[in-house]
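To start, the structure under review is shown below, and the notes come after it.
Throughout, read-outs are computed from the coordinates displayed, never taken from laboratory work. Nothing here was measured: the structure is a model prediction, and the numbers come from that model. Cβ: placed from backbone, ideal geometry, glycine included. Neighbour counts: every protein chain shown.
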Amino acid sequence: MESEYKLLSGAMVTLALATATLVVVPYLQLQTVQPSPGLKPYTEQQLRGRQVYIEMGCVYCHSQQPRSQSFAPDFQRGWGRAPVAGDYYYDHPHLLGTMRTGPDLFNIGARQPSVDWNLGHLYQPRAYTPGSNMPAFPFMFELKDKADPGDKVVNLPPSYAPPNGQVVVATPDALALVDYLIGLNHTYPVHPDATLPTTVKDQLEPAAEGAANE
């Protein structure tokens, strides 16, 4: 019985240490982070599109975290600089992603700012990127014989246009998702020290100075 208590106590201590290291300490370090200069809050339409992004599972194939130039060729791929904590100030939950079946989307709004391109790419990715393994999302669009007033018609390449003179019309969810994607533009400059909150830098700088003087 005594060994069981020791095992349980050890497990609880390990869990407490893991929670402190992975949850409590990062929270304390980042709670003072402010939005990066140049970062804009999401609009209501973009927030709706962000929810569509989550519901569609886009985060399973796309990341939103380019890696440092010293670590990976993400910058050479055109994905932009490495992010800082303030870049995610308005993101709840964060959509960093864990894998890249497709390209990183941290700056897709800068790379592809066209509404028509993004809508067409959602409807049929291979019409715009030959060989793409991204699934098509035709259910986010409607086929109509004639567009109604206010409809957003998707201009597809002729070989992918629907037959019988029909038109492809974007649904509100498709329009919101594209608005969110175009809003992903983090090309504004950030200070090199912005990678850490002020409180953490204050703790690290004296230690660095002490090491330099040794």
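Give me the orientation-averaged projected area of the Cα convex hull of the range 1-141, in nm², one decimal.
Working: hull surface 52.7 nm².
Result: 13.2 nm².
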## Note on the structure
Final fewest-first order of SER9, SER63, SER70 on the 10 Å Cβ neighbour count is SER70, SER9, SER63
## Note on the structure
Diffing the range 39-46: the Karplus 3J(HN,Hα) column from phi (6.51, -1.76, 1.60, θ = phi - 60°), in whole Hz with x for Gly and Pro, holds 6, 10, x, 5, 7, 4, 5, 5
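Sort MET134, MET99 by Cβ crowding within 10 Å, fewest neighbours at the top. Could the numbers behind the result be given before it?
Values: MET134 18, MET99 10.
The most exposed by this proxy come first: MET99, MET134.
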### Query
If we count every other residue with Cβ under 10 angstrom of PRO66's Cβ, Lys/Arg +1 and Asp/Glu -1, where does the sum land?
+1
### Query
Do you know the relative contact order of the chain, to the nearest whole percent, from alpha carbon pairs under 8 angstrom that are 6+ apart?
26 percent
### Query
Which listed residue (GLY57, PRO138, PRO83) has the Cα farthest towards the positive end of the charge dipole for the range 26-174, taking +1 on Lys and Arg C-beta and -1 on Asp and Glu C-beta about the Cα centre?
PRO83
### Query
About the Cα centre of the chain, what is the dipole size in debye to 20, counting +1 per Lys and Arg Cβ and -1 per Asp and Glu Cβ, all else neutral?
600 debye
### 0 to 90° range, to nearest 10: angle between helix 172-182 axis and the chain longest Cα axis
50 degrees
### Query
For the range 56-127, with only Lys/Arg (+1) and Asp/Glu (-1) charged at the beta-carbon, what is the dipole magnitude about the Cα centre, in debye rounded to 20?
220 debye
### Query
Seen from all sides and averaged, what is the projected area of the convex hull of the Cα atoms in the range 138-180, in nm²?
3.2 nm²
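Between LYS6 and GLU142, what is 0.36 nm times their sequence separation minus the Cα-Cα distance? Round to one decimal in nm. Before the final figure, lay out the partial values.
On the way: separation 136, 0.36 × 136 = 48.96 nm, distance 6.32 nm.
Extra length from LYS6 to GLU142 when fully extended: 42.6 nm.
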